[in-house]
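Here the structure is laid out as structure tokens; the discussion comes afterwards.
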Amino acid sequence: GEDVEQSLFLSVREGDSSVINCTYTDSSSTYLYWYKQEPGAGLQLLTYIFSNMDMKQDQRLTVLLNKKDKHLSLRIADTQTGDSAIYFCAESNTWQLTFGKGTKLSVIP
Amino acid sequence: GAVVSQHPSWVICKSGTSVKIECRSLDFQATTMFWYRQFPKQSLMLMATSNEGSKATYEQGVEKDKFLINHASLTLSTLTVTSAHPEDSSFYICSARDHRSGSNQPQHFGDGTRLSIL
């Protein structure tokens, strides 16, 4: 089946930028998503990008997509302690999502 | 916009009990709803997909008689865990989307239900 890979942990200092990386295998992916999960909570949609785009910016969030390498990244500028959470990358080519295992972001004050 | 409400948020019950979890789309019509299960420190595992007014489609390995799904209206889907046992303890999350708004509409997730079976 299709696969989505993410590194499991990332630790950054407050105020620095965080970059969370994701790779996927489905070359027919049409949409790629980033979701945030805080402890004990559901998933919050942060942003998503269509596969014919290479960049999308939304306030502190910047998504970069390299479709040739099937690589997606999420950059969080000026990372705050409230950004500490698990971030899931997901891809879809229909209505069904395939999730990565999530990257736990820890922000050091 | 696109709020999904899931209830209850936490359930503790005895082995053998059946538990019903509700998933509601509050400000949009959810033509499709999804039920996921998440084990500690793991990703989400899709259990089933339900389209309003039709039977749910279950993923391989998910017992349809164990996990009953009903999607009787455009704003409500329910998951009933029948005769729950400790191995059913998990975090269950629903999501919803309105495909009539276009194929680019993402899934919006509820806050999840933590089920603990004693």
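The values are calculated or read from the model by the stated rules, or taken from the named source; none is laboratory data. Predicted model only: the values in this text are computed from it and were never measured. Cβ coordinates were reconstructed from backbone atoms using ideal geometry, including for glycine residues, and neighbour counts include every protein chain displayed.
Of the residues making up the range A:45-59, those that are facing another protein chain (nearest Cβ under 7 Å) and under 23 Å from B:Cys94 (Cα atoms) are A:Leu45, A:Tyr48.
Look at B:Ser83 and say whether it is part of a loop (DSSP other than H, G, I, E, B) and either away from chain A (no Cβ under 13 Å) or touching a strand residue (DSSP E or B) at 6+ places or on another chain (Cβ under 7 Å) (or both).
Here the answer is yes, as B:Ser83 does meet what is asked.
Of the strands (runs of 3 or more DSSP E) lying entirely inside chain A, those containing at least 2 residues that are in contact with a Leu (Cβ under 9 Å, 6 or more places away or on another chain) are A:9-13, A:18-24, A:31-37, A:43-50, A:55-58, A:61-66, A:71-76, A:85-92, A:103-108. Within the range B:99-117, if we keep just the residues that are more than 30 Å from B:Lys41 (Cβ to Cβ) and more than 7 Å from chain A (Cβ to nearest Cβ), the residue that is modelled with the highest pLDDT turns out to be B:Arg100. Just to check your reading of the model, which residue among B:Phe34, B:Phe28 is within 11 Å of chain A (Cβ to nearest Cβ) and crowded, with 18+ Cβ neighbours inside 10 Å? Answer to the selection: B:Phe34. Among the residues of the range B:14-53, the ones that are small (Gly, Ala, Ser) and farther than 29 Å from A:Lys104 by Cα come to 6 in all. Residues that are of a type in the set (A, V, I, L, M, F, W, C) and surrounded by 18 or more Cβ atoms within 10 Å (Cβ to Cβ) were ranked within the range A:13-48; the one that is nearest to the chain's Cα centre (by Cα) is A:Trp34.
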